[in-house]
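Peer 1: Below is a structure I'd like to ask you about.
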2 protein chains.
Amino acid sequence: MEQINELAENLKLLGDKTRLTILALLKERPLCVCDIVDILETSQPNASQHLRKLKSAGLVSETRKGQWIYYSLNIEGKIYIQAVLDYIPSLKQKIDPMKNDCCE
Amino acid sequence: MEQINELAENLKLLGDKTRLTILALLKERPLCVCDIVDILETSQPNASQHLRKLKSAGLVSETRKGQWIYYSLNIEGKIYIQAVLDYIPSLKQKIDPMKNDCCE
DNA sequence: TTTATATATAATCAATTGATTATATAATTA
DNA sequence: TAATTATATAATCAATTGATTATATATAAA
């Protein structure tokens with residue numbers, strides 16, 4: 001039943017509005033923390049803490065680019081997460097307007 | 001974003017070991033509460049409360065048969081839940097040994 | 001109609017969680 | 001090097017949650 005425990009842990013992570021939205025955003029493209037903060041209209045520590053949980057579970061990975069840290073989706077082999085994200089309407093329109101507003 | 005909220009609520013329900021196991025069991029066949037209690041080796045109120053949450057979310061439905069109440073899976077149209085349950089190895093061997101042990 | 005069985009509900013409580021506030025670190029720019 | 005920007009971490013706190021204990025309801029059997 002170890003399989004179920006691990007699955008439940010991952011699903012618990014998805015079962016939060018903020019984190020689920022972050023994953024849906026990252027489905028479109030990698031984003032830095034300040035992008036996410038702006039889009040979600042939340043505080044920077046709040047975004048960071050949710051990202052940390054997602055990272056601990058291995059669902060996202062990060063790359064630093066100068067002073068920005070970009071997070072991207074890392075869900076290979078987790079078909080059910082893909083199925084969940086496919087269920088969410090694209091948030092592309094939330095991202096595009098910000099292009100170059102924030103970083104770089 | 002109402003879509004995401006509802007999805008997160010459902011995923012939060014799946015993000016619990018006990019409830020996820022109940023769903024995986026019901027994937028095999030409908031079960032009464034006493035079946036679930038025996039298989040999970042938990043208390044009757046605990047099973048009942050989890051079943052109530054699943055029922056409130058519309059993920060399971062119930063039918064009374066005499067003094068037993070059978071719960072069954074009700075996830076039509078929720079592809080992501082099917083994907084999650086497909087990810088779990090079958091629990092059939094947990095169910096079969098109990099056949100006719102408990103009810104009726 | 002009393003007793004037993006199956007299930008639900010309510011109350012309680014400890015543990016977990018999400019958000020906020022404050023502070024620290026790291027990279028960049030002036 | 002000082003100031004600024006991006007991000008992380010730590011501490012705090014209210015709210016939520018899962019489990020337990022106790023009790024209620026409903027069906028069936030004696």
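Peer 1: Do the conditions hold for residue B:9, that is, is it within 10 Å of DNA strand D (Cβ to nearest atom) and under 22 Å from residue A:14 (Cα atoms)?
Peer 2: Values: within 10 Å of DNA strand D (Cβ to nearest atom): yes; under 22 Å from residue A:14 (Cα atoms): yes.
Answer is yes for this residue.
Peer 1: Quick check, is residue A:82 more than 10 Å from chain B (Cβ to nearest Cβ) and polar (S, T, N, Q)?
Peer 2: Values: more than 10 Å from chain B (Cβ to nearest Cβ): no; polar (S, T, N, Q): yes.
For residue A:82, the condition - more than 10 Å from chain B (Cβ to nearest Cβ) and polar (S, T, N, Q) - is not met.
Peer 1: Next up: Hey, could you check the range B:12-45 for residues that are free of Cβ contacts under 8 Å to residues at least 24 places away in the same chain and closer than 19 Å to residue B:61 by Cα and say which is nearest to the other protein chains (Cβ to nearest Cβ)?
Peer 2: Ranking the qualifying residues of the range B:12-45, first place goes to B:12.
Peer 1: Condition first: modelled with pLDDT under 95 and in a loop (DSSP other than H, G, I, E, B). Can you find one or more residues in the range B:91-100 that meet it?
Peer 2: Taking every residue of the range B:91-100 in turn, at least one turns out to be modelled with pLDDT under 95 and in a loop (DSSP other than H, G, I, E, B).
Peer 1: Hey, could you check the range B:45-85 for residues that are part of a helix (DSSP H, G or I), of a type outside the set (A, V, I, L, M, F, W, C) and more than 14 Å from the chain's Cα centre (by Cα) and say which is surrounded by the fewest Cβ atoms within 10 Å (Cβ to Cβ)? Steps first, answer last, please.
Peer 2: Within the range B:45-85, the subset part of a helix (DSSP H, G or I) is B:45-56, B:79-85.
Still in the list and also of a type outside the set (A, V, I, L, M, F, W, C): B:45-46, B:48-50, B:52-53, B:55-56, B:80, B:82.
Checking the rest, the ones that are also more than 14 Å from the chain's Cα centre (by Cα) come to B:45, B:80.
Details: B:45: 9, B:80: 22.
This residue is B:45.
Peer 1: Take the range B:1-15 and flag every residue that is hydrophobic (A, V, I, L, M, F, W, C) and assigned to a helix (DSSP H, G or I).
Peer 2: Matches in the range B:1-15: B:4, B:7, B:8, B:11, B:13, B:14.
Peer 1: Could you list, in sequence order, the residues of the range A:19-32 that are in a helix (DSSP H, G or I) and surrounded by fewer than 18 Cβ atoms within 10 Å (Cβ to Cβ)? Talk me through it step by step, then tell me what you get.
Peer 2: In the first step, residues of the range A:19-32 are kept if they are in a helix (DSSP H, G or I); the result is A:19-28.
Answer for the range A:19-32, where residues must be in a helix (DSSP H, G or I) and surrounded by fewer than 18 Cβ atoms within 10 Å (Cβ to Cβ): just A:28.
Peer 1: Does the range A:56-75 hold any residues that are away from every other protein chain (no Cβ under 14 Å), within 14 Å of DNA strand C (Cβ to nearest atom) and either basic (Lys, Arg) or under 14 Å from residue A:10 (Cα atoms) (or both), and which are they?
Peer 2: Correct list: A:56, A:64, A:65.
Peer 1: Here is a list: A:31, A:23. Which entry is modelled with pLDDT of 95 or more and closer than 19 Å to residue B:7 by Cβ?
Peer 2: Sole residue among the options that is modelled with pLDDT of 95 or more and closer than 19 Å to residue B:7 by Cβ: A:23.
Peer 1: Is it the case that residue B:41 is away from DNA strand C (no atom under 14 Å from the Cβ) and farther than 26 Å from residue A:24 by Cβ?
Peer 2: When the stated conditions are applied, residue B:41 passes them.
The values are calculated or read from the model by the stated rules, or taken from the named source; none is laboratory data. These figures come from a predicted structure and were not determined experimentally. Cβ sites come from the backbone with ideal geometry, for glycine too, and all protein chains shown count toward neighbours.
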